[in-house]
Amino acid sequence: MMRSGQSIGGWSPIIFAVIDVLIATMLLFAMLLASLAYVQVLNAEALKTGAPLPFDVDSLLDLMREEPASPALWWVYVTVFSTFLPSMVNLILGGLSILRGLPGLGRFAAHHFFPEDPRNLTGVKRFGGSLLLTGQFAVAVTGALLLALLALNFGLQFLGLVGINLLSVAEQANDWIMQSITQAD
């Protein structure tokens with residue numbers, strides 16, 4: 001999506017990167033529901049035949065609720081949140097695209113401060129245009145710092161919130177799927 005945004009130009013790479021992260025979040029929940037349904041159908045078939053459960057979802061969800069930092073759960077976190085990696089890379093690259101300058105600022109400076117005829121270039125216009133274009137460096141450094149803080153905050157806050165919501169959705173979906181399976185029998 002970010003490539004599409006880059007071809008349009010302006011702020012669109014960042015907008016497309018944010019849309020990509022939102023779509024990845026929705027796909028994460030859809031993947032969770034599909035995986036739970038698949039595993040619970042396997043479990044229901046195993047119960048019908050008297051075989052042991054291939055995967056005990058209830059005990060996994062209980063462990064997630066009681067000990068979320070347990071090393072026994074790391075494989076779940078890696079599997080689930082690896083879907084976010086490409087989207088996060090797109091968001092970071094979209095944010096880094098600002099570092100080359102604010103969209104349209106160079107065009108604005110050329111139009112307002114630097115006339116086509118060099119004889120019309122006054123000292124005030126030269127200073128103003130140079131200050132504006134050089135000020136992009138301060139914007140770039142500030143943007144890089146804000147992007148790093150945003151990525152850190154996203155990692156600490158949003159993914160934790162998504163993880164908590166994923167657990168709640170997983171528990172509710174697990175109950176609903178099990179009820180559907182038992183009613184179908």
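Which residue is nearest to V89 (Cα to Cα), if the candidates are limited to segment 20-44 and must be without any contact (Cβ under 8 Å) to a residue 24 or more places away in the chain and crowded, with 18+ Cβ neighbours inside 10 Å?
Start the filter on segment 20-44 by keeping residues that are without any contact (Cβ under 8 Å) to a residue 24 or more places away in the chain, which leaves 22, 26, 30, 34-35, 38-39, 42-43.
Next cut, crowded, with 18+ Cβ neighbours inside 10 Å only: 39, 43.
Working: V39: 31, N43: 36 Å.
The residue in question is V39.
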Among the residues of segment 112-145, the number that are within 30 Å of T25 (Cβ to Cβ) and either surrounded by 13 or more Cβ atoms within 10 Å (Cβ to Cβ) or at pLDDT 80 or above (or both) is 4
Quiz item: Has segment 87-102 got any residue that is exposed (fewer than 11 other Cβ atoms within 10 Å of the Cβ), under 30 Å from L22 (Cβ atoms) and either modelled with pLDDT of 75 or more or among the charged types (D, E, K, R) (or both)?
Solution: yes
Of the candidates A109, A151, the one satisfying the condition of being in a helix (DSSP H, G or I), surrounded by 14 or more Cβ atoms within 10 Å (Cβ to Cβ), at pLDDT below 75 and not polar (S, T, N, Q) is A151
Check your understanding: If we scan segment 57-70, do we find a residue that is surrounded by 13 or more Cβ atoms within 10 Å (Cβ to Cβ) and under 17 Å from T182 (Cα atoms)?
Key -> yes
Pairs returned, first residue in segment 159-178 that is modelled with pLDDT under 75, second residue that is β-branched (V, I, T) and in a helix (DSSP H, G or I), beta-carbon separation under 9 angstrom, 6 or more apart or interchain, are V162/T25; G163/V80; L166/V80
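The values are calculated or read from the model by the stated rules, or taken from the named source; none is laboratory data. Predicted model only: the values in this text are computed from it and were never measured. All Cβ positions, glycine included, derive from the backbone under ideal geometry; neighbour counts span all protein chains shown.
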